[in-house]
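Just so it is clear, none of the values below were taken in a lab; they were calculated from the coordinates. If you're wondering where the values come from, they're calculated on a predicted model, not measured in any experiment. As a convention, Cβ positions derive from the backbone with ideal geometry for all residues, glycine included, and neighbour counts pool all protein chains shown.
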Ligand code: SF4
């Protein structure tokens, strides 16, 4: 595997100065940079308006003066983003798009409007239900969002433009699925932590460059003969956004291989394509609202549990590590539902709650990870 590519990805995710320099280099290529949160925002609409879509994640520079800290229970990710925003970390963005999802992000939006102010913020209202009426409503909201962005960019807008962009994003999602499939038969090809770094870097990187990188990695993966795997426990990672790559490396150094995931910046990002026939807004809407059910949506718990069990049955891991951002309420509830769904499968689960701005696992967390892996080893004998 090309170490230079992986290092570039790791740095884009984990090094805020490197990321900023890289993004400023894209300013001339696009009409501007659009920051956004969450898997609910259709990047295709942002790209079709001529902007570069940048997912807000990763290590952030929070060294400047904060106007005030956000009160709990805002999750540690949102606390971190707010501190970074107050430190001017996002001043190079042209605007920022919020989803209508968890309370922490809603609070951040309010604070953005009243305190941060720049870059200007927009909320894409998506429904919390997934029935027919909600789909219609969301399609209308996406259309309003597209019109707003095009007014902003001054770009011409035709049905053709989003169709081309959708096709490009579908191909990218397809390559990511191929990459994950390659790892299923050849885990040693790429470490789990590197796979997540590669996946996450795609939310930041110029998508043309990203597409080329993915093609190269997938080609290499197809050519490589399956290698002997080191004796390690197969772990599946679940939870919300997990961008602390070093933390994931520490899990693998403790004797685990991350074989699959169900996280926001993992399979939940690419698990479905956008149909290209018919009304593009409705197609986008279906894809974004029906892919990887999020705990902020009102969905049927039994269906969610069944789908989750099917997802876990594929890689059939020795154990699951659920990593939650501290004070992330939706995913705490989700953890309880997932732990319940795993009981009949006999797969143990470890829950870790982490601070978003801390990239290293502390001693206590390392001890818990090691004990969990030892427990899995004993259970196997
Ligand atoms: S980590 Fe949880 S609470 Fe925080 S923004 Fe994500 S879903 Fe919302």
Go through (1) within 16 Å of the ligand (Cβ to nearest atom); (2) under 22 Å from residue 185 (Cα atoms) one by one and return the number of the condition residue 214 breaks. (1)
Consider residue 83 carefully, then state whether it is crowded, with 19+ Cβ neighbours inside 10 Å and in contact with a helix residue (DSSP H, G or I) (Cβ under 7 Å, 6 or more places away or on another chain). no
Residue by residue through the range 296-314, note down the ones that are surrounded by 16 or more Cβ atoms within 10 Å (Cβ to Cβ), more than 16 Å from the ligand (Cβ to nearest atom) and under 21 Å from residue 126 (Cα atoms). none
Being free of Cβ contacts under 8 Å to residues at least 40 places away in the same chain and either more than 22 Å from the chain's Cα centre (by Cα) or within 16 Å of the ligand (Cβ to nearest atom) (or both) is the filter here, so list the residues in the range 338-357 that pass it. 340, 341, 342, 343, 344, 345, 346, 347, 348, 351, 352, 353
Among (1) closer than 21 Å to residue 353 by Cβ; (2) assigned to a loop (DSSP other than H, G, I, E, B); (3) within 15 Å of the ligand (Cβ to nearest atom); (4) out of contact with any helix residue (DSSP H, G or I) (no Cβ under 7 Å at 6 or more places or on another chain), there is one condition residue 317 misses while meeting the rest; what is its number? (3)
Is it fair to say residue 238 is more than 16 Å from the ligand (Cβ to nearest atom) and buried (at least 18 other Cβ atoms within 10 Å of the Cβ)? no
Scanning the range 241-277 residue by residue, those more than 16 Å from the ligand (Cβ to nearest atom) and under 21 Å from residue 288 (Cα atoms) turn out to be 267, 270, 271, 272, 273, 274, 275, 276, 277
Residue list for the range 106-161, filter: within 16 Å of the ligand (Cβ to nearest atom), farther than 17 Å from residue 45 by Cβ and in contact with a strand residue (DSSP E or B) (Cβ under 7 Å, 6 or more places away or on another chain): 109, 112
Looking at this structure, is residue 41 part of a strand (DSSP E or B) and crowded, with 19+ Cβ neighbours inside 10 Å? no
Within 23 Å of residue 36 (Cα to Cα) and not in a helix (DSSP H, G or I), is that true of residue 203? yes
